[in-house]
1. Please get the size of the charge dipole for the chain, origin at its Cα centre, with Cβ charges of +1 on Lys and Arg and -1 on Asp and Glu, quoted in debye to the nearest 20.
2. Per the 1.4 Å probe, what fraction of the accessible area of region 103-162, in percent, lies on carbon and sulfur atoms?
3. Taking 8 Å as the Cα distance limit and 6 or more residues as the minimum spacing, I'd like the relative contact order of the chain as a percentage.
4. As a check on your grasp of the helix formula, calculate [θ] at 222 nm for the chain: sum -39500 (n - 2.57) over DSSP H runs of n ≥ 4, divide by the residue count, round to the nearest 500.
5. Where in region 356-387 does the amide nitrogen come within less than 20 Å of the point 7 Å from the Cα of E332, taken along Cα to Cβ?
6. Per residue, how big is the convex hull of region 336-386 when only Cα atoms are used? Give it in Å³.
7. Return, ordered by residue number, the residues of region 353-369 whose backbone nitrogen is under 14 Å from a label point located 7 Å along Cα→Cβ of A340.
8. Based on the inverse mean of 1/r over its pairs of different Cα atoms, what is the Kirkwood hydrodynamic radius of region 197-304, in Å?
Amino acid sequence: MVAVQDSGVEPRLNSRIEKFRDLSPADRLATVGDAARLGQADRDALRGGVLPLDLANGMIENVVGTFEIPLGVATNFTINGRDYLIPMAVEEPSVVAAANEKDRVLIGLGGGCREIEVQVFEETQVGPMVVLHLLVDVRDAMGANTVNTMAEAVAPMIERISGGTVRLRILSNLADLRLARARVRLTPKALATKEFTGERIVAGIVEACSLAIVDPYRAATHNKGIMNGIDPVVVATGNDWRAIEAGAHAWAARGGRYTSLSRWEIDAAGNLVGTLEMPMALGMVGGATKTHPAARAALKLLGVTTAQELAEVTVAVGLAQNMAALRALATEGIQRGHMALHARNIAIVAGASGANIDAVAKELAADHDVRVDRAREILLRLGKEEA
Ligand code: MEV
């Protein structure tokens with residue numbers, strides 16, 4: 001599997017692996033492991049189930065477990081003249097399974113195609129185009145397979161009626177008829193901290209949002225903060241985070257200019273009012289949401305009963321995350337809190353384990369000096385004290 005190079009010391013990797021798809025997972029791992037000259041520890045790590053709870057606990061807050069998703073390797077990539085084997089962790093299968101059946105089930109559940117819309121683009125770089133939208137109620141499914149299957153099924157009929165040629169038959173991730181909305185109202189008192197008055201924080205959040213509304217550079221980061229809340233829920237419930245991301249950013253640019261997904265305003269009583277409305281095509285009945293045991297458990301943990309409820313919860317998390325970021329930005333800045341949370345990671349990188357992770361992290365955060373070399377010093381000192 002390794003192409004030996006002419007005179008170089010390091011043999012170049014060859015990403016072209018015949019019949020890779022036909023191998024068992026163990027054989028695939030052995031093949032890419034040989035090709036990339038991986039040691040046993042790395043092969044074991046790629047096999048999965050290797051994130052210990054104490055390490056996970058050091059990486060993020062409020063840890064209760066770990067979440068695995070399938071890891072595949074894409075072959076046949078030559079980029080800038082160099083071959084790569086590309087690791088990809090994703091939950092989405094490439095096989096469309098039994099989607100016509102799904103249709104019958106969908107209609108039985110009260111869903112199905114509700115309407116048809118037509119858009120004409122008189123001018124494109126290859127001539128005029130007609131786009132036909134099937135508006136489908138997919139109930140509690142994410143719906144991609146259902147919609148794609150319907151699009152393919154109706155294509156011959158559309159060609160007969162129109163006399164044209166149907167080209168792309170695919171869903172749109174700009175699911176602007178599948179919106180979820182969250183709204184929050186907070187009194188200044190609820191927002192006040194030791195260092196800042198509630199009124200100052202309310203004004204700061206509104207100012208920050210005002211900038212994100214007009215400035216696409218700020219909007220991108222503002223919206224990234226929202227997605228910090230949304231993506232983890234989407235991933236944990238086995239949903240397609242690329243679809244959600246694509247829909248979110250297309251929605252943010254729907255007016256022709258990229259803008260903030262959320263709005264923060266002050267009401268007549270001086271309270272802070274935040275709203276977030278965006279496409280949220282989440283499912284609960286198919287794909288990884290059903291096959292991934294942890295996704296099923298996560299849905300049970302959430303206790304949501306419909307995809308719309310899941311969407312609303314997810315958007316609320318996005319709004320809360322946005323508020324937390326703006327509050328920090330409008331006051332002490334993001335780095336203080338961020339680095340304090342990051343301190344556990346830094347402690348682990350410096351070699352801390354067990355109870356020492358917290359001890360080192362605490363000291364780093366208290367000193368506002370979250371650096372690996374400082375963490376090593378603390379670790380060394382703790383080691384001497386324990387000895
Ligand atoms: C960092 O992951 C997210 C933030 O940059 C979001 C924001 O700036 O609003 C803090």
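The values are calculated or read from the model by the stated rules, or taken from the named source; none is laboratory data. None of these values were measured; they are calculated from a predicted model. Glycine gets a Cβ as well: all are built from the backbone with ideal geometry, and neighbour counts include every protein chain shown. When the accessible area is computed, the model is the full protein with side chains, heavy atoms only, and any ligands, DNA or RNA have been set aside. Shrake-Rupley method; radii C 1.70, N 1.55, O 1.52, S 1.80 Å.
1. Numbers: 41 positive and 46 negative charges, 45 e Å.
I would put it at about 220 debye.
2. Values: 2290 of 4080 Å².
Summing carbon and sulfur atoms, their accessible area is 56 percent of the total for region 103-162.
3. On the way: 545 pairs, mean separation 54.2, N = 387.
Normalised by residue count, the contact order of the chain is 14 percent.
4. Values: 15 runs with 190 residues, N = 387.
Estimated from H runs of four or more residues: -15500 deg cm²/dmol.
5. Those under the cut-off are 358-372, 375.
6. Working: hull volume 3.0 nm³, N = 51.
With only Cα atoms used, region 336-386 gives 58 Å³ per residue.
7. 361-369
8. Numbers: mean 1/r = 0.0647 Å⁻¹.
Computed over region 197-304, the radius equals 15.5 Å.
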